[in-house]
Amino acid sequence: MARLPEQIDQLVAYKGAAIAVWLAMFLALERLWPAASRPSAPLSDPSGRALVRFAAKHDLKRIAKNGALWAFNALLGPAIVLPVTLLAVEWGPAWRPPGWSGWPALLLDLALLDLWIYWWHRANHESSWLWRFHRIHHLDNFLDASSAGRFHAGEVALSAMVRGAIILALDIPLGHVLAFEALVLAAAIFQHSNLALPVGVERALSRLVVTPSIHWLHHHAVRADTDSNYSTTLSLWDRVFGTQSPNVRSPAMAIGLAGEPDTGLRELLAAPLRRARPVG
Ligand SMILES: [Zn+2]
């Protein structure tokens, strides 16, 4: 059964507030302890305008573009993602036994949804039509916490619909879906961040979850690496399904798609209407 609307509003608000705090924390941490240098940060600008110099130095143009895509996707939440999710929860066959609840049920659902998102992400690379949308995420030529929300709205809507079918079939409760959404956003902010972690900490964490070193390889501008490391939260899926990159991240590695420069916001939004190059 779906919760009452006011309870849903409250849960969504809590989730949004928690993610906002998490995002602010990583935006600050990655500035304090960066793992890689930001590209093209000129110390002086021919125009001489202080604001232009400041924006260039701090990579604000790229971050504003990612922020705009993120804000647009946030609007899709109440417009598409939440309604589709609520329908899936309400129309579910309610086949779960009453005793199937509590932490074990939550953890199992989180793992099942994480497995689903592994295959969804992989499908976005292997289907040339889905790649048209997903390549917008990969055109980013640097990674930081702002990259975590850089997705084409079409990908977000498609993902919500496919996920709705999974929720319906598995009869997943709404609270578990919202917990998964928060987990995925938190994981995405962490793994895209430009935060330098101590080597030992990152190595230990990477055995369980996807760390920046793992995910940055997924954004390496070399197709073999781009088409690997698909996991979102648990790192084991790439090991289980044989899609873990054998390479090691280096701070100077090129990020993005080889031969495909990033474009302006309008071009990014229109890009899926054009034919993308074939998938690898
Ligand atoms: Zn990808």
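The values are calculated or read from the model by the stated rules, or taken from the named source; none is laboratory data. In this text the structure is predicted, and so the values were computed from the model without any measurement. With ideal geometry, Cβ positions are generated from the backbone for all residues, glycine too; neighbour counts draw on all protein chains shown. Each accessible area value is taken on the protein alone, full model and side chains, heavy atoms only, with ligands, DNA and RNA left out. Shrake-Rupley method; radii C 1.70, N 1.55, O 1.52, S 1.80 Å.
Where in the stretch 184-241 are there helices (runs of 4 or more DSSP H), lying fully within it, with 2 or more residues that are under 25 Å from L32 (Cβ atoms) and open to solvent by less than 40 Å² (accessible area, probe 1.4 Å)? Step through it out loud before you land on a result.
On the way: elements: 199-206, 212-218, 223-226, 236-240.
Fully inside the stretch 184-241 and qualifying: 199-206, 212-218.
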> Do the conditions hold for A88, that is, is it within 21 Å of K15 (Cα to Cα), at pLDDT below 95 and buried (at least 19 other Cβ atoms within 10 Å of the Cβ)?
Replying inline: yes
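Answer yes or no as to whether F133 is more than 16 Å from the ligand (Cβ to nearest atom), of a type in the set (F, W, Y) and either in a helix (DSSP H, G or I) or open to solvent by less than 50 Å² (accessible area, probe 1.4 Å) (or both).
The answer is no for F133.
Okay, residues lined up against (1) of a type in the set (D, E, K, R); (2) within 13 Å of the ligand (Cβ to nearest atom); (3) at pLDDT 95 or above; (4) open to solvent by less than 40 Å² (accessible area, probe 1.4 Å):
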| site | (1), (2), (3), (4) |
| --- | --- |
| L75 | no, no, no, no |
| P78 | no, no, no, no |
| A94 | no, no, no, no |
| W103 | no, no, no, no |
| A111 | no, no, yes, yes |
| L115 | no, no, yes, no |
| H121 | no, yes, yes, yes |
| S128 | no, no, no, no |
| H138 | no, yes, yes, yes |
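Go through V84, V89 for me and flag whichever is under 28 Å from W237 (Cα atoms), in contact with a Leu (Cβ under 8 Å, 6 or more places away or on another chain), among the β-branched types (V, I, T) and part of a helix (DSSP H, G or I). Full working, then the answer.
Numbers: V84 fails: in contact with a Leu (Cβ under 8 Å, 6 or more places away or on another chain).
That would be V89, the only listed residue that is under 28 Å from W237 (Cα atoms), in contact with a Leu (Cβ under 8 Å, 6 or more places away or on another chain), among the β-branched types (V, I, T) and part of a helix (DSSP H, G or I).
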